[in-house]
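What follows is one structure encoded as structure tokens, with my remarks underneath.
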Amino acid sequence: MSGEAGAGAITKYFHIFFSSGMTVSVAMPPDAEEHPHYISDYFTEANKPFEKKLEQALPLLNDEIQKLINRLNLPIIVYDPNSDFVRGAINEDTNDFDNTFADEDHANNWFSNSKEPKAFVSIEFMTRSFSKITLSITVKQRILRSQLNKLQDVILSLFE
């Protein structure tokens with residue numbers, strides 16, 4: 001069995017998963033009958049530091065994201081796990097990535113032709129300690145990469 005130790009939470013504006021950043025393979029011990037829950041017990045213990053850190057950071061993170069939404073007029077809306085994935089929903093205004101014209105046109109058309117546009121956006125990034133954070137949000141219009149970078153900076157400051 002393989003997996004990644006971590007912890008996740010869903011709040012009003014986002015879904016976050018804070019994890020080790022690496023997949024481990026855990027084999028059953030030779031006496032598996034005596035330890036039938038060996039793998040689940042392993043991950044239960046391995047998840048604890050991530051659960052604790054996420055629990056500590058979550059209230060601050062909720063407040064900081066709400067402030068960023070208001071201050072920067074971010075197009076983030078209430079998190080909807082059933083929202084659509086839209087190619088080009090992230091407007092690449094930095095030199096980090098490139099949008100193709102097809103992606104930009106697709107996203108612009110999708111947002112302008114949707115009655116109530118809700119698009120799913122997910123980003124992953126590493127902390128200085130090489131843990132991984134996956135953040136998923138819902139947006140009502142294209143979001144700038146530079147806005148996501150500011151959001152990422154705030155999140156990283158709370159997990160360092």
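Since every read-out is calculated from the coordinates, none of them should be taken as a lab result. Remember, predicted model here, so these are calculated numbers, not experimental data. FYI the Cβ positions are ideal-geometry reconstructions off the backbone, even for glycines, and counts take in every protein chain you see.
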C-alpha center-to-center spacing [region 110-160, region 58-81] in angstrom
10
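Rounded to the nearest 500 deg cm²/dmol, what is the calculated helix-only ellipticity per residue at 222 nm for the chain, with -39500 (n - 2.57) per DSSP H run of length n ≥ 4? If you can, show how the numbers build up before the last one.
Details: 3 runs with 63 residues, N = 160.
Theoretical 222 nm ellipticity from helices: -13500 deg cm²/dmol.
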Longest site-free stretch - the chain; sites: chymotrypsin sites (Phe, Trp or Tyr not before Pro), DSSP loop, at most 16 other Cβ within 10 Å
1-96
Computed on alpha carbon atoms, what radius of gyration and Dmax characterise the chain, expressed in Å?
18.6, 60
